[in-house]
Amino acid sequence: MKITYYGHSCFSVEIDGIHLLFDPFITGNPAAAHIDITTIQADFILISHGHQDHVLDVESIAKRTNAKLISNYEIISWFAEKGIENGHGMNLGGSYDFEFGKVKYVNAVHSSSMPDGRYGGNPGGFIITPKSRNSSFYYSGDTALTYDMKLIGETEDIDFALLPIGDNFTMGAKDALRCADMIKTHTIIGLHYDTFPPIKIDIAKTRQLFDETGKTLLLPGIGDIEEL
Ligand code: NI
Ligand code: MN
């Protein structure tokens, strides 16, 4: 699978030629100024929760690509009112088989209001199991560390996870490592750091923390691609 990082918590995953885009927040991120969002391919846009730093570019990319939105029911309804009716609403604990594979929408401990202040449903994360693989990857969305992650480790075979490491609004690196233990994975792509002053991190210290535990921390540059 080809993973392209677009900054903050946004990345795309190409699964067998199908493009999944997660939490697009690009035009509001000065560090991603070199990314031209009109060139981003998307067949599906997955939205973890309603906060602006996760939904800002959903409307423009969805209207251009006609990508199907996957999120909680409340967020799908909010975008339908904006004229984006190609949406698939889910709720916590539910799975659904899409053409690229299975999506499970799982619990996140966070909040979720839409940019206009409307209730954005419960925040969530996604476990994606591509049809062409027997294993999965986990995108936690914005969340605290929670014992619910142990359930994921008990029931899923997680190859790698995309987790917040910026602290303040979400888990920091130490808790992301505890999450990695609970979900039984060794490879973490770090997200949700450095974009805003309260989530600036010391990259060298963070890398050292991961090195000490023998886990791999990937921090792709914005626009960079990882093959996993
Ligand atoms: Ni948030
Ligand atoms: Mn956020």
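The figures follow:
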| read-out | value |
| --- | --- |
| VAL109 vs. criteria aliphatic (A, V, I, L, M), away from ligand 1 (no atom under 16 Å from the Cβ) and either in contact with a helix residue (DSSP H, G or I) (Cβ under 6 Å, 6 or more places away or on another chain) or not in a helix (DSSP H, G or I) (or both) | no |
| Only listed residue being within 21 Å of ILE15 (Cα to Cα), out of contact with any Lys or Arg (no Cβ under 6 Å at 6 or more places or on another chain) and acidic (Asp, Glu), chosen from GLU81, GLU99, GLU85, GLU74 | GLU99 |
| Enumeration of residues in segment 134-150 that are more than 16 Å from ligand 1 (Cβ to nearest atom), surrounded by fewer than 22 Cβ atoms within 10 Å (Cβ to Cβ) and touching a residue at least 24 places away in the same chain (Cβ under 8 Å) | SER135, TYR147, ASP148, LYS150 |
| Failed condition for ALA62, given (1) assigned to a helix (DSSP H, G or I); (2) surrounded by fewer than 20 Cβ atoms within 10 Å (Cβ to Cβ); (3) of a type in the set (Gly, Ala, Ser) | (2) |
| Extreme residue, nearest to VAL58 (Cα to Cα), among residues of segment 73-87 that are touching a residue at least 40 places away in the same chain (Cβ under 8 Å) and of a type outside the set (Val, Ile, Thr) | TRP78 |
| Residue within segment 151-173 that is among the polar types (S, T, N, Q), within 14 Å of ligand 1 (Cβ to nearest atom) and touching a residue at least 40 places away in the same chain (Cβ under 8 Å) present | yes |
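Rule-based calculations on the coordinates, nothing more; no lab input. In this text the structure is predicted, and so the values were computed from the model without any measurement. Reconstructed Cβ throughout: ideal geometry from the backbone, glycine too, with neighbour counts over all protein chains shown.
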